Structure formats: structure tokens, C-alpha cells
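Enquirer: Here you go, one structure.
The values are calculated or read from the model by the stated rules, or taken from the named source; none is laboratory data. Nothing here was measured: the structure is a model prediction, and the numbers come from that model. Cβ: placed from backbone, ideal geometry, glycine included. Neighbour counts: every protein chain shown. Accessible surface areas use protein heavy atoms only, side chains included; no ligands, DNA or RNA. Shrake-Rupley method; radii C 1.70, N 1.55, O 1.52, S 1.80 Å.
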Amino acid sequence: MHTRDRSPRGAREQIIHLAAKLMAEEHIDDFGTAKRKAVRRLGLPEGKNLPGNDEIETALREYRNIFSPNHSHVLLVLRQRALEAMRLFAEFKPYLVGSVLSGLAGPHSDINLVIYSDDAKAVEIRCLNQGIDYRVESPPSGHTTLSFYVDGSLVRLSVRSENDERQGARGATEPMERARLSQLEAMLLESTAST
């Protein structure tokens, strides 16, 4: 008979692995959401001692290595689409951020770009001039975010103030991992050379 390990360590391991599975199979992009769902599904009390995002990230990578053998191809396609989107806004020096950059993206993940500009309207005008069918979102962060599709993948382009970029390296408790267009091109060259 199979019993669940209810010790704190056993419960933590169960949360880690179920959260990773939920992120992979249910296309959840937020670690906090995945952890809370895992706790509820396991019938565990909601506590403060939840596993860290890094632990779930490691488990997610392991899960994808075992159950998604084509994950590297999915990631390559998403990064190529990100590159295409970044080229549309090259004059604004966009950054790629999020799961497509970190390698945690799944087939349904959106592509997240950041532009630092004090003129969000100029970015919208660029969309209009390029014939990009976009919509403006107002996420909880308060940053203007434009969303549009590139070859079937949703791209979310967050426009943040130039001051945010200057403050980013110094003021953030956890600096955002990000890559410029040239850095993404180098990543793609490296990944295609190794296949």
C-alpha cells in the first residue's frame, strides 16, 4: 500500500515535484500559482515553508528532460520567434526576459520582451507602422504592455521607464535575467551549432 510521506521534508519534496509537473502539463508560468495548486491538490496545509522557485525550476528541468524529449526544439522555435519580434523593435533596444530566455518555456508559453523608454506612444506608433495587430494590457505592475502574435506565439512587450533600466542593476533585490538582441542571436547560433 502506497502512503504519502507527511513529514515536512517529504511534503516539501511532493510540492516541488507536483508544482513542476503542473507547470509543464498545465502550462502554468508562475511559480507561486504552481506551488499553491500543488499544496491544495496534495491536501496539505498552506504554510510559510514552501519550496523556493529554484527548487521547482530544477525539478521542472528534470521533468522536461524525462517527459518532453522535444523540449529543446520547442525552446529553439520560441527563441527564433522572440528574435523576430525583437528585430521589429530593434531601434528601442529590447530585452528578452522570462521563461523563453531561462529555458523553462513550454510549447504554450508567451514570449516576454522589455523595452525601456519614456515614450510608450512611440512603441505603439512602431506597431502601427509595422502593421502589427496589437492590444494594450494594463498588468498589475502598472507598466504599459503591448501584446501581439508572432507565428502563433503570444508576445508580451512591456514598456518601462528609462529610469527603471538605470535602477534595475542597483535597486532590484533580484536582478532580472535579460538578453539583448545580439545575445539572443549568439544563443541561437550556439544551440544550432551543437545540434
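Enquirer: Is one or more of the residues making up region 50-58 among the acidic types (Asp, Glu), in a helix (DSSP H, G or I) and in contact with a helix residue (DSSP H, G or I) (Cβ under 6 Å, 6 or more places away or on another chain)?
Expert: Going through region 50-58, the residues among the acidic types (Asp, Glu) turn out to be 54-55, 57.
So of that shortlist, the ones also in a helix (DSSP H, G or I) come out as 54-55, 57.
Checking the rest, the ones that are also in contact with a helix residue (DSSP H, G or I) (Cβ under 6 Å, 6 or more places away or on another chain) come to 55.
Yes: region 50-58 contains one or more residues that are among the acidic types (Asp, Glu), in a helix (DSSP H, G or I) and in contact with a helix residue (DSSP H, G or I) (Cβ under 6 Å, 6 or more places away or on another chain).
Enquirer: Any chance you could count how many residues in region 51-67 are modelled with pLDDT under 90 and open to solvent by less than 60 Å² (accessible area, probe 1.4 Å)?
Expert: 1
Enquirer: Give region 117-147 a look and list any residue that's part of a loop (DSSP other than H, G, I, E, B) and charged (D, E, K, R), or say none.
Expert: The first filter runs over region 117-147 and keeps only residues part of a loop (DSSP other than H, G, I, E, B), leaving 117-119, 131-134, 138-143.
The answer is Asp118, Asp119, Asp133.
Enquirer: Which one is modelled with the highest pLDDT among residues in region 83-101 that are open to solvent by less than 30 Å² (accessible area, probe 1.4 Å) and small (Gly, Ala, Ser)?
Expert: Going through region 83-101, the residues open to solvent by less than 30 Å² (accessible area, probe 1.4 Å) turn out to be 83, 85-86, 89, 94-97, 99-101.
Narrowing the set further to residues that are small (Gly, Ala, Ser) leaves 85, 99.
On the way: Ala85: 97, Ser99: 90.
Looking at the filtered set, the residue picked out is Ala85.
Enquirer: Right, next: Does region 110-142 hold any residues that are modelled with pLDDT of 90 or more and either at positive phi or in contact with a His (Cβ under 7 Å, 6 or more places away or on another chain) (or both), and which are they?
Expert: Gly131
Enquirer: Do you know which residues across region 89-116 are in a helix (DSSP H, G or I), touching a residue at least 60 places away in the same chain (Cβ under 8 Å) and within 13 Å of Arg180 (Cα to Cα)?
Expert: To start, the set of residues in region 89-116 that are in a helix (DSSP H, G or I) comprises 90-92, 99-102.
Narrowing the set further to residues that are touching a residue at least 60 places away in the same chain (Cβ under 8 Å) leaves 90, 99, 101-102.
Residues satisfying the conditions are Ala90, Leu101.
Enquirer: Gln130 versus (1) exposed (fewer than 13 other Cβ atoms within 10 Å of the Cβ); (2) free of Cβ contacts under 8 Å to residues at least 24 places away in the same chain: which is the lone unmet condition?
Expert: Single failed check for Gln130: (2).
Enquirer: While we're looking at this one, here's another question. Conditions first: (1) more than 28 Å from Ser117 (Cβ to Cβ); (2) assigned to a helix (DSSP H, G or I). Glu84 passes all but one, so which condition is the exception?
Expert: The number of the failed condition is (1).
Enquirer: Further, regarding this structure: What is the one condition in (1) in contact (Cβ under 8 Å) with a residue 12 or more places away in the chain; (2) open to solvent by 80 Å² or more (accessible area, probe 1.4 Å); (3) touching a helix residue (DSSP H, G or I) at 6+ places or on another chain (Cβ under 9 Å) that His27 does not satisfy?
Expert: Result: His27 passes all but (3).
Enquirer: Return yes or no: is Gln80 open to solvent by 60 Å² or more (accessible area, probe 1.4 Å), in contact with a helix residue (DSSP H, G or I) (Cβ under 7 Å, 6 or more places away or on another chain) and in contact (Cβ under 8 Å) with a residue 60 or more places away in the chain?
Expert: Answer is yes for this residue.
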